[in-house]
1. Given Cα pairs under 8 Å that are at least 6 residues apart, what percent is the relative contact order of segment 6-88?
2. Bin width 5 Å, origin at 0, all Cα-Cα pairs of the chain: what percent of pairs per bin?
3. For M75, list long-range residues whose amide hydrogen, built 1.01 Å from N in the peptide plane, is under 5 Å from its own amide hydrogen.
4. R0 = 22 Å: FRET efficiency of L5 with E31, Cβ-based, nearest 0.05?
5. Please list D16, D33 from largest to smallest accessible area, probe radius 1.4 Å, with all protein chains kept in place.
6. In whole angstrom, note down how far apart the Cα centers of segment 20-39 and segment 58-82 are.
7. Across the Cα atoms of segment 26-67, what radius of gyration and what greatest pairwise Cα-Cα distance (Dmax) are found, in Å?
8. Assign unit charges at the C-beta atoms only (+1 for Lys and Arg, -1 for Asp and Glu), then state the dipole size of the chain relative to its Cα centre in Debye, rounded to the nearest 20.
Amino acid sequence: MVDALGARLERSVAVDDRRLRLLAHSAHRGEADAARVGSIMNRSVPAELAAHVAAQGAADATGLFTVTARPEFGMAVERFGMPIRYDG
């Protein structure tokens, strides 16, 4: 499903749990920044990056949201997020 979504969006797709531990990812499109590589290799992100994503609204989002780039955390480009929720 993740690969199919990535192909449809023509973007890389990652599915993380609420603590940003990587659950699944699609093939990467284009150059991967350090945050993406670290997430794939470690299946998690540093606490500072997780806090930045949460501050961008990830924890409370009900729809599409944007996570601004943070080069100091290895995130060279902005990301788009969409919550996947089950039973709250």
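1. Reported relative contact order: 21 percent.
2. Each 5 Å bin holds this share of Cα pairs: 3, 14, 25, 29, 20, 7, 1, 0.
3. A35, R70
4. 0.60
5. Numbers: D16 60, D33 25 Å².
The ordering from most to least exposed comes out as D16, D33.
6. 13
7. For segment 26-67, the Cα-based Rg and Dmax read 11.7, 30 Å.
8. Working: 11 positive and 11 negative charges, 30 e Å.
Magnitude of the dipole: close to 140 debye.
The values are calculated or read from the model by the stated rules, or taken from the named source; none is laboratory data. Note that the structure is a prediction, hence the values are computed from the model and not measured. Reconstructed Cβ throughout: ideal geometry from the backbone, glycine too, with neighbour counts over all protein chains shown. Accessible surface areas use protein heavy atoms only, side chains included; no ligands, DNA or RNA. Shrake-Rupley method; radii C 1.70, N 1.55, O 1.52, S 1.80 Å.
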